[in-house]
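Novice: Quick one: this structure, given as structure tokens, is what I'll be asking you about.
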Amino acid sequence: MGTDFSTFEEALYLDSKKAFKQILADLGDDIYVIGFYHSGSCSFLPMFNTHTDFQSTFEDEYDCEEDDRLLAKWNVSDFPSLEDYSEYFEHSSEILQTLDNDDSYEIVSDEEIQKYWQAWLSTLERVLIRLDNEGVFSEGVERNSITLAILAYDETEDEQFSRIKRMNPPAVLATIETDFETMIASRNEAEQLAMAEFERMLQEH
């Protein structure tokens, strides 16, 4: 399988440049994360959250429970509607639909599925890095107050943070490192407990 994403990548770059400039103009330094949400298969959405929205969600949906603070802060499902700026992506979405309907290739193995998935994520990453290098995420805002991110469906926090580290300057990483280290440790602990319980059940039977 060798899907060519180059045409889509260029269209996405042009659409994203307009969309993200507008998002930053509308919301300014209230934004703390911006980028894409990759929801699986041939689909993506512009993604962002603000301090105001995070605080409101934390209070209204999580009752200010400190154990849930990071979930409220980084869980995409709690972000503002990701479709609010989707109209800016009409051109790239049309190309995306063409790729999705392309039956000239067939996924025949788990390895190919992973290659396809990573090709998608790499395309989104390159677009964000290109825009950042052009100063889009510094126009009228403090760049080091904003985290560029691609939060992908069914990825661990460790995988997400590895990509975030490639897209952001050290000053940004210093402000979010503790968040992700805490989430990574929590996931690892939960997985270890689940494995221990599974092994216990096997031994009982």
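Readers should treat all values here as calculations from the given coordinates under stated rules, not as data from a laboratory. The structure presented is a predicted model; accordingly, all values stated were derived computationally and were not measured. Note that each Cβ is placed from the backbone with ideal geometry, even for glycine, and that neighbours are counted across all protein chains shown.
Novice: Say each of Ser162 and Gln114 gets a label point 7 Å from the Cα, pointing the same way as Cα to Cβ; how far apart are those two points in nm?
Specialist: Placing both labels 7 Å along Cα→Cβ, they lie 1.0 nm apart.
Novice: Return the label of the correct value of Rg and Dmax of the Cα atoms in Å, as calculated from the structure shown, out of [x] 19.9, 67; [y] 18.3, 69; [z] 18.7, 63.
Specialist: Matching the structure shown: [z].
Novice: Suppose we keep just the alpha-carbon trace of the stretch 107-193; what are its Rg and Dmax in angstrom?
Specialist: Cα-based Rg and Dmax for the stretch 107-193 come out at 15.2, 47 Å.
Novice: Taking 8 Å as the Cα distance limit and 6 or more residues as the minimum spacing, I'd like the relative contact order of the chain as a percentage.
Specialist: For the chain, the relative contact order is 28 percent.
Novice: Please list, ordered by chain and number, the residues whose modelled amide H lies under 5 Å from the amide H of Asn49; skip anything fewer than 5 residues away on the same chain.
Specialist: Here the answer is Tyr32, Val33, since their amide H atoms fall under 5 Å of that of Asn49.
Novice: Let me ask you something else. Per DSSP helix of 4 or more residues, -39500 (n - 2.57); summed, then divided by the residues of the chain. What does that give at 222 nm, rounded to the nearest 500?
Specialist: Details: 7 runs with 119 residues, N = 205.
Counting only the DSSP helices, I get -19500 deg cm²/dmol.
Novice: What is the calculated FRET efficiency for Lys17 to Asp84, with r their C-beta to C-beta distance and R₀ = 22 Å, to the nearest 0.05? Kindly include the intermediate steps, with their values, before the conclusion.
Specialist: Numbers: r = 17 Å, r/R0 = 0.79.
The computed FRET efficiency comes out at 0.80.
Novice: Convert each backbone phi in the stretch 154-165 into a coupling constant with the Karplus relation 6.51 cos²θ - 1.76 cosθ + 1.60 (shift: θ = phi - 60°), then list the ³J(HN,Hα) values in order as whole Hz, x for Gly and Pro.
Specialist: After applying 6.51 cos²θ - 1.76 cosθ + 1.60, I find 6, 9, 7, 5, 5, 5, 4, 5, 4, 6, 4, 5 Hz.
Novice: Moving to a separate point now. Once R0 is set to 30 Å, what does the formula 1/(1 + (r/R0)^6) return for the Cβ-Cβ distance between Asn75 and Glu199, expressed as a FRET efficiency to the nearest 0.05?
Specialist: Using R0 = 30 Å, I get an efficiency of 0.50.
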